[in-house]
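Since the structure comes first, as structure tokens, the remarks are kept for the end.
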Amino acid sequence: MLALALTWLVRIRGGEVMVSQMGSWRAPFGITLVFDSLSGLLLCAGLIVAISCSLHGFSLVDPKDRAAILPSAGPVTAHGRQPEFPDW
């Protein structure tokens, strides 16, 4: 997503604005998305903060438990046991 935002920033660096009408409805009734240089910079800054927080949070996990939080690890934890879920 960061690569897409940076690509859009390069595309609009000449001062143009990207506009998209959702569902082909005009502005009073539909949703209009506008991407200009300010919204592009804010989007990139937010994505950089989100990626940094994710990497920092992942670095705090014990290396032997990292496989338990990866989506590709499946329902079995790093210790080879099924995870225990509370019976509510």
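The values are calculated or read from the model by the stated rules, or taken from the named source; none is laboratory data. What you see is a predicted model, and the numbers here were worked out from it, not measured in a lab. Backbone-built Cβ (ideal geometry, glycine too); neighbour counts: all protein chains shown. The area values use the complete protein model at the heavy-atom level, side chains included, leaving out ligands, DNA and RNA. Shrake-Rupley method; radii C 1.70, N 1.55, O 1.52, S 1.80 Å.
Restricting to segment 1-33, name every residue that is assigned to a loop (DSSP other than H, G, I, E, B) and among the hydroxyl-bearing types (Ser, Thr, Tyr). Explain how you work it out, then say what you get.
The initial filter retains those residues of segment 1-33 that are assigned to a loop (DSSP other than H, G, I, E, B), namely 1, 12-17, 23-30.
Answer for segment 1-33, where residues must be assigned to a loop (DSSP other than H, G, I, E, B) and among the hydroxyl-bearing types (Ser, Thr, Tyr): just SER24.
Find all pairs meeting these conditions: Cβ atoms under 9 angstrom apart; at least six residues apart or on different chains; first residue within segment 55-70 and open to solvent by 90 Å² or more (accessible area, probe 1.4 Å); second residue modelled with pLDDT of 75 or more and not in a helix (DSSP H, G or I).
From segment 55-70, the pairs are ILE69/VAL61.
Among (1) modelled with pLDDT of 80 or more; (2) in contact with a helix residue (DSSP H, G or I) (Cβ under 9 Å, 6 or more places away or on another chain); (3) surrounded by fewer than 10 Cβ atoms within 10 Å (Cβ to Cβ), where does PRO83 come up short?
With (1) modelled with pLDDT of 80 or more; (2) in contact with a helix residue (DSSP H, G or I) (Cβ under 9 Å, 6 or more places away or on another chain); (3) surrounded by fewer than 10 Cβ atoms within 10 Å (Cβ to Cβ) applied to PRO83, the lone miss is (1).
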